[in-house]
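First up is the structure itself, then whatever we jot down about it.
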Amino acid sequence: MKQILQTSIWSYRDIRLVLPARALSYAGDSIALIALMLRVSEGHGPAAVTALLLAFAVPTVVMIPFAGRIVDGYDSRTVLVWSGLLQVAAGVGLAFVHDLASTLALVCVLQLGQAVAGPAWGALIPRIVGEELVGRSTGASQALIGVATLAGSAAGGLLVGMAGSRGALLVDAGTFLVLVVVAALVRTRRRPAAGAARERGGVSAGLRVIFEDGVLRILVPALWLFVLVGEAVNVVEVFLITDELGLGPELYGAAGAATGAGAIVGAWYSGRLDGDRARSGGVVAGMGAIGAASVLMGLAGNLVTLLIGATVIGVGSGMLNAATSALVVTRSAEAVRGRVIAALNGTARSFSLLAMLLGGLAGALLGPRGTFVSCGVACAVAAAVVGVLVVRSFVLAGVETKDSELEVVSH
């Protein structure tokens with residue numbers, strides 16, 4: 001029992017603070033999204049809803065050159081407290097404005113804080129638990145976030161109904177305030193080496209680390225491809241469920257809940273994977289699962305088949321995201337992790353934006369079923385190719401290691 005406690009992430013005091021607080025913050029984000037979607041959709045058309053979604057996404061992309069440099073260049077406590085306070089201020093502001101322009105501007109401010117806070121937490125957690133437990137902490141974190149996101153989505157509508165959008169948005173601001181308090185209480189800190197704050201290269205430094213690594217140069221671009229193709233189906237999912245299958249909005253929500261539940265399972269399982277080979281296999285397996293399940297949903301003729309496909313997509317997404325995050329952290333140097341994580345987050349969000357356009361175009365040309373099947377086949381083929389490339393990369397790395405050992409022995 002003593003050994004188990006020593007190797008558990010929950011034996012670390014800071015992790016017991018950080019992971020629940022981050023999950024609570026994501027629950028607040030889900031509540032805020034529901035409240036803002038309801039507010040914007042009531043007085044404005046679909047274009048305003050699209051603008052709101054872009055306001056949530058674009059700041060992360062814009063901050064790619066700067067977020068990582070901030071995270072790696074300053075004390076982690078300073079970065080986390082101030083980015084959290086920015087989010088608190090934006091959340092309170094959103095509760096008291098009603099016009100569209102102010103709402104969009106404050107959402108952008110909120111996401112500017114998140115663009116910095118996300119990589120800052122991502123780089124700090126490995127410092128708390130050590131390199132050996134990065135995979136478990138990443139899996140546990142994403143599983144908790146998945147649970148919190150589902151709970152927040154369910155609570156958002158209830159809060160808006162009981163307290164209005166102002167009350168719901170103040171709850172979101174409160175979750176950010178909790179995160180600020182936790183950031184101040186956490187004892188573990190990342191401090192830059194002298195001169196790191198003035199170091200040039202934000203996104204370029206992060207991407208350079210990714211493309212100089214034999215495994216990451218395969219898996220990260222593959223992740224971008226899967227974001228592009230996989231998220232394109234999100235645009236037409238509602239039409240597949242309501243038009244093609246003739247199901248109501250409640251069952252559309254059930255499919256979303258099934259995907260969310262699957263993602264929790266996938267992230268939890270990914271945390272059990274140990275070592276780069278196992279995590280790389282988890283990434284490829286997640287890709288394959290997403291492809292196969294997308295085809296299944298495209299061909300679904302009833303609710304049961306649809307829910308199975310939605311759940312498997314969630315499991316694959318959870319494994320893919322958690323395993324990729326763990327690999328990126330463990331295979332990059334500690335001093336540049338903020339920039340690497342920021343580059344990964346920002347570029348993935350860029351492909352999410354492109355996925356909206358691709359999904360709309362594919363839906364118009366192929367219809368909902370054709371879009372699901374085509375994207376699923378593309379994902380499955382890409383997973384097979386990526387699997388071969390990853391195996392080849394590890395084989396070559398093994399050969400190079402043996403050659404190095406022979407050279408040492410010969411000397």
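Once fully extended, how much extra length lies between Leu357 and Ser204, figured as 0.36 nm per residue of separation less the alpha-carbon to alpha-carbon distance?
Computed gain between Leu357 and Ser204 is 52.5 nm.
Over what distance in Å are the Cα centres of region 12-30 and region 268-291 separated?
Measuring centre to centre over Cα atoms gives 24 Å.
Would you calculate a helix-derived [θ] at 222 nm for the chain, using -39,500 (n - 2.57) for each DSSP H run of n ≥ 4 and dividing by the full residue count, to the nearest 500?
Helices in the chain give a 222 nm mean residue ellipticity of -30500 deg cm²/dmol.
Please compute the alpha carbon radius of gyration of region 67-115, then divide it by the globular-protein estimate 2.2 N^0.38 Å. Two decimals is fine.
Taking N as the residue count of region 67-115, the ratio is 1.27.
Given the Cα-Cα distance of Met162 and Val265 and 0.36 nm per residue of separation, how much length would full extension add, in nm?
33.9 nm
For a quick size check, give me the Cα extents of region 26-135 along its three principal axes, largest first, whole Å.
Each principal axis gives a Cα extent; for region 26-135 these are 50, 25, 23 Å.
Quick one: putting +1 on the C-beta of Lys and Arg, -1 on the C-beta of Asp and Glu, what dipole do you get for the chain around its Cα centre, in Debye to the nearest 20?
So the magnitude is around 980 debye.
So what's the convex hull volume per residue for the Cα atoms of region 75-203, in Å³?
It comes to 130 Å³ per residue, whole-number rounded.
With the full set of protein chains in place, find how many percent of the accessible area of the chain is carbon and sulfur; take the probe as 1.4 Å.
Here carbon and sulfur together make up 68 percent of the probe-accessible area.
Most fluctuating residue of Gly253, Gly152, Gly318 in a GNM of the chain with Cα springs under 10 Å: which is it?
Looking only at Gly253, Gly152, Gly318, the largest GNM fluctuation is found for Gly253.
Hey, what do the phi angles of region 360-373 turn into as Karplus ³J(HN,Hα) couplings, whole Hz, using 6.51/-1.76/1.60 and θ = phi - 60°, x for Gly and Pro?
Karplus values, whole Hz, x for Gly and Pro: x, 5, 5, x, 5, 8, 10, x, x, 5, x, 5, 4, 5.
Name the most mobile residue of Leu354, Leu228, Leu307, meaning the one with the largest mean-square fluctuation, in a Gaussian network model of the chain with Cα contacts below 10 Å.
Leu354
Determine Rg/Rh for region 210-326; Rg is computed over alpha-carbon atoms and Rh is the Kirkwood hydrodynamic estimate from the same atoms. Don't skip to the answer; put the middle values down first.
Working: Rg = 15.0 Å, Rh = 14.5 Å.
My calculation of the ratio gives 1.03.
Which value in Å is the Kirkwood Rh of region 257-320 over different Cα pairs?
11.5 Å
Going out from 0 in 5 Å bins, what whole percent of all Cα-Cα distances in region 307-404 drops into each bin?
Answer for region 307-404: a P(r) of 2, 10, 11, 18, 20, 16, 10, 7, 4, 2, 1, 0 percent.
Could you pull the Cα extents of region 295-350 along its three principal axes, largest to smallest, in whole Å?
Cα spread of region 295-350 along its principal axes, largest to smallest: 51, 22, 12 Å.
Starting from the Cα-Cα distance between Thr50 and Phe394, subtract it from 0.36 nm times their residue separation and give me the gain in nm to one decimal.
Extra length from Thr50 to Phe394 when fully extended: 119.6 nm.
Mind checking which of Leu24, Leu247, Leu112 has the largest fluctuation in a GNM of the chain, springs on alpha carbons under 10 Å?
Of the options given, Leu247 has the highest mean-square fluctuation.
Using only the Cα atoms of the chain, what are the Rg and Dmax in Å?
When restricted to Cα atoms, the chain yields Rg and Dmax of 21.5, 77 Å.
Identify the residues of region 257-286 with backbone N under 17 Å of a label point that sits 7 angstrom from the Cα of Val385 along the Cα-to-Cβ direction, or state none.
284-285
The values are calculated or read from the model by the stated rules, or taken from the named source; none is laboratory data. These numbers come from a predicted model, not from an experiment. No Cβ is skipped: glycine too gets one built from the backbone with ideal geometry, and neighbour counts run over all protein chains shown. Areas reflect the complete protein model, heavy atoms only, side chains present, ligands, DNA and RNA absent. Shrake-Rupley method; radii C 1.70, N 1.55, O 1.52, S 1.80 Å.
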